[in-house]
Amino acid sequence: MNNLRNRVQLIGNLGTTPEVIALKEGRKLVKLTLATNDTYKNKKGETIKETQWHNLTVFGNLAEIAEQHLEKGKEVCIEGKLNNRTYDDKDGNKRYVTEIVVQELLMLGKKQ
């Protein structure tokens, strides 16, 4: 049952081109955003489409794959875990970030 804790699975389209960051140990970090869409009908019967944006972080070998094969607009399926962190911006304000640390990545859609 422990493998069900803090587990996220999403299918959506990438909203950004991968941002690659080289880490000190020679590893890579890739940051992306993922858009997921939800559609429902309101009380008036109108169809409403909502888009949610998710911050993704990818490390290691998966980051290499993301760097080489992912691009803005591509449909992907990801699995990972939620990570919350804080930092102080350049003006000294505390910022809160929730991101998904990607552990599995599946590229969907047609080959380009």
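The values are calculated or read from the model by the stated rules, or taken from the named source; none is laboratory data. Given the structure is predicted, the values throughout are model-derived calculations rather than measurements. Methodologically, a virtual Cβ is constructed for each residue, glycine included, from the backbone with ideal geometry; neighbour enumeration extends over all protein chains shown.
Numbers below:
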quantity	calculated
Residue within region 21-34 that is among the charged types (D, E, K, R), modelled with pLDDT under 95, surrounded by 13 or more Cβ atoms within 10 Å (Cβ to Cβ) and assigned to a strand (DSSP E or B) present	yes
Any hit, region 71-78, residues being part of a strand (DSSP E or B), touching a Leu at 6+ places or on another chain (Cβ under 9 Å) and of a type in the set (A, V, I, L, M)	yes
Output for region 14-34, where each listed residue is in contact (Cβ under 8 Å) with a residue 24 or more places away in the chain and among the hydroxyl-bearing types (Ser, Thr, Tyr)	Thr16, Thr17
Complete set of residues in region 37-68 that are modelled with pLDDT of 95 or more, among the polar types (S, T, N, Q) and under 30 Å from Leu23 (Cβ atoms)	Gln52, Asn55, Thr57
Residue in region 75-83 that is over 15 Å from Asn13 (Cα atoms) and free of Cβ contacts under 8 Å to residues at least 24 places away in the same chain present	no
Residue match in region 40-47 (condition: within 24 Å of Leu82 (Cβ to Cβ), among the polar types (S, T, N, Q) and surrounded by fewer than 15 Cβ atoms within 10 Å (Cβ to Cβ))	no
Every residue from region 28-70 that is among the hydroxyl-bearing types (Ser, Thr, Tyr) and within 12 Å of the chain's Cα centre (by Cα)	Thr33, Thr36, Thr57
Lone unmet requirement of (1) of a type outside the set (A, V, I, L, M, F, W, C); (2) in contact (Cβ under 8 Å) with a residue 40 or more places away in the chain; (3) not in a loop (DSSP other than H, G, I, E, B) for Asn6	(3)
Pairs where the first residue, in region 93-105, is more than 18 Å from Pro18 (Cβ to Cβ) and the second is part of a strand (DSSP E or B) and among the β-branched types (Val, Ile, Thr), C-beta under 7 Å, 6+ apart	Lys94/Thr86; Arg95/Thr86; Tyr96/Thr86
Lone qualifier among Glu50, Glu79 - being in contact with an Asp or Glu (Cβ under 6 Å, 6 or more places away or on another chain) and surrounded by 12 or more Cβ atoms within 10 Å (Cβ to Cβ)	Glu79
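The rows are residues; the columns are (1) farther than 15 Å from Glu75 by Cβ; (2) touching a Pro at 6+ places or on another chain (Cβ under 6 Å); (3) in a strand (DSSP E or B); (4) in contact (Cβ under 8 Å) with a residue 40 or more places away in the chain.
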position	(1), (2), (3), (4)
Gly12	no, no, yes, yes
Thr39	yes, no, yes, no
Thr51	no, no, yes, no
Ala63	yes, no, no, yes
